[in-house]
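For reference, the structure discussed in these notes is given below.
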Amino acid sequence: MKVNGQHHRAITGDPATGEVRYIDQTRLPHEFAIKTARNMPELAEAIRAMAVRGAPLIGVTAAFGIALALGEDASDAALDSARSTLLATRPTAVNLAWALKRICEYSQRFPEAERAAAAWAEAQRIADEDVAINHAIGRHTLPLIQELAEGKHGAPVNILTHCNAGWIATVDWGTALSGLYQAHDANIRIHVWVDETRPRKQGLLTAWELRQHGVPHTVIADNAGGHLMQHGRVDMVIVGADRVTGQGDVCNKIGTYLKALAAYDNRVPFYAAVPSPTIDLSIGDALREIEIEERSADELRHVRGLDSSGRPTSIQILPDVSPAANPGFDVTPARLVTGIITEKGIAAPRELARLLQV
Ligand code: MRU
């Protein structure tokens, strides 16, 4: 997608220079900066610190991390160690484990002298596939928005989204936002309600993206969605996901469950847009089996932004003496989900496993 008129992917890798370049999301929305990683630990830290974030992008970043590690040492021991380091960065998004399994198994088919080149090629394939998958998710989302638009008689379709499941959470296009971009490009009138998404405020990234693309939107406090739904001001909710079970339970950014409850109570359709690497068929009981990342309480204690002179700054809003807890994700049960939009089409939660077998 474009930033100031220039096309960017959220991450790119260059085997010739041994460099991986990524958008540093900790500096958005106030500053657009691209960072360069030259070794695996730098990429592991980028994932941990959420300079790259979003389930699909985390997976692709880890794949490039393996390519960088094998460039230094292509032994089995080095591969295992790099895989463990990257896997330990964040627990909830299954794309991380998925991408690591794929690239490690692929690289191990080659003799040590060829492993780094093989890994770079595979990381690039994973990145390119992510772009194609997300574009297809958007194609399947478009008719849903088109249908809602027909009932609106020229008024915009109001779509609520939570967190950031846009192009910077992926390599390009995004998952939940892909269809919104494609609807906007097809001249369908839409307006997006953007949850701010406390405490890391990924909603501000969504607002930044939508502004770059010229999509009308309004940022709302996290807890405003239910009120808007009660007043008929939301036509559809669409979110991304970090892990979806074969039964259609959706694990996504904390607060998603509350939006789904409000949507259900107000008969607002609730969709999750999900690339197939985000679907984890090994999970039976989502509530018990998916590890929910517990992030630092500092994310609740401090707020980052610009001071009155426009300089980046951080202020403390919660004293150290107040205990705080910071679970990063929650699970929305399948019964609250209208449909799961994948690159293969849309399925009701109970039909998801069948759709994937197509
Ligand atoms: O903690 P984050 O910012 O990595 O969480 C991201 C989300 O929860 C996204 O909604 C999800 O990964 C889907 S990204 C296409």
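The values are calculated or read from the model by the stated rules, or taken from the named source; none is laboratory data. Just so we're clear, the structure is a prediction, and the values are computed from it rather than from any experiment. With ideal geometry, Cβ positions are generated from the backbone for all residues, glycine too; neighbour counts draw on all protein chains shown. Side chains are part of the model used for accessible areas, which takes the heavy atoms of the whole protein and leaves out ligands, DNA and RNA. Shrake-Rupley method; radii C 1.70, N 1.55, O 1.52, S 1.80 Å.
Calculate, for the range 19-132, the solvent-accessible area per residue in square angstrom, rolling a 1.4 angstrom probe over the heavy atoms of the protein chains.
Values: 4410 Å² over 114 residues.
Roughly 39 Å² per residue, with all protein chains present.
With the highest mean first, a sort of the peptides 192-200, 20-28 on other beta-carbon atoms found within 10 angstrom per residue produces 192-200, 20-28. A Gaussian network model of the chain, with springs between Cα atoms under 10 Å, assigns the largest mean-square fluctuation among PRO29, PRO312, PRO333 to PRO312. Are there DSSP H segments in the chain that both extend 18 Å or more along their axis (alpha-carbon positions) and score a mean Kyte-Doolittle hydropathy of at least 0.5? List them, or say none. Answer set is 55-72. Taking GLU105, GLU72 and ordering them by how much accessible surface each has at a 1.4 Å probe, largest first, produces GLU72, GLU105.
Take every DSSP beta bridge with both residues inside the range 137-356 and express the antiparallel ones as a percent of the total, to the nearest 5. Could you put the intermediate results ahead of the total?
Numbers: 15 of 34 bridges.
Bridges in the range 137-356 that DSSP calls antiparallel: roughly 45 percent.
Considering the chain as a Gaussian network with a 10 Å cut-off on Cα pairs, which listed residue, LEU204, LEU43, LEU228, attains the greatest mean-square fluctuation? In this elastic network of the chain, the residue with the biggest mean-square fluctuation among LEU204, LEU43, LEU228 is LEU228. For the chain, a simple Cβ point-charge model (Lys and Arg +1, Asp and Glu -1, everything else neutral) yields a dipole of about 820 debye relative to the Cα centre.
The alpha-carbon of LYS35 sits under 27 angstrom from the alpha-carbons of these lysines, leaving out residues fewer than 8 places away in its chain: LYS2, LYS101, LYS201, LYS253. At q = 0.09, 0.10, 0.13 Å⁻¹, what log₁₀ I(q)/I(0) does the range 137-356 have when each alpha carbon counts as one equal point scatterer in the Debye sum? One equal scatterer on each Cα of the range 137-356 leads to -0.36, -0.44, -0.74.
Between the alpha-carbon centres of the range 213-258 and the range 111-164 there is a gap of 17 Å.
Please work out the Cα center distance from the range 39-62 to the range 170-211, rounded to the nearest Å. Going from one Cα centre to the other spans 21 Å.
Please sort 49-61, 287-299 by packing, taking for each peptide the average over its residues of neighbouring beta carbons within 10 angstrom, highest first. Write out the running numbers ahead of the final one.
Details: 49-61: 26.2, 287-299: 14.2.
Highest to lowest by the protection proxy: 49-61, 287-299.
Per the 1.4 Å probe, what fraction of the accessible area of the range 2-129, in percent, lies on carbon and sulfur atoms? Here it works out to 49 percent.
At a 1.4 Å probe, what is the % contribution of carbon and sulfur to the accessible area of the range 241-358?
Numbers: 3170 of 6070 Å².
Carbon and sulfur together cover 52 percent of it.
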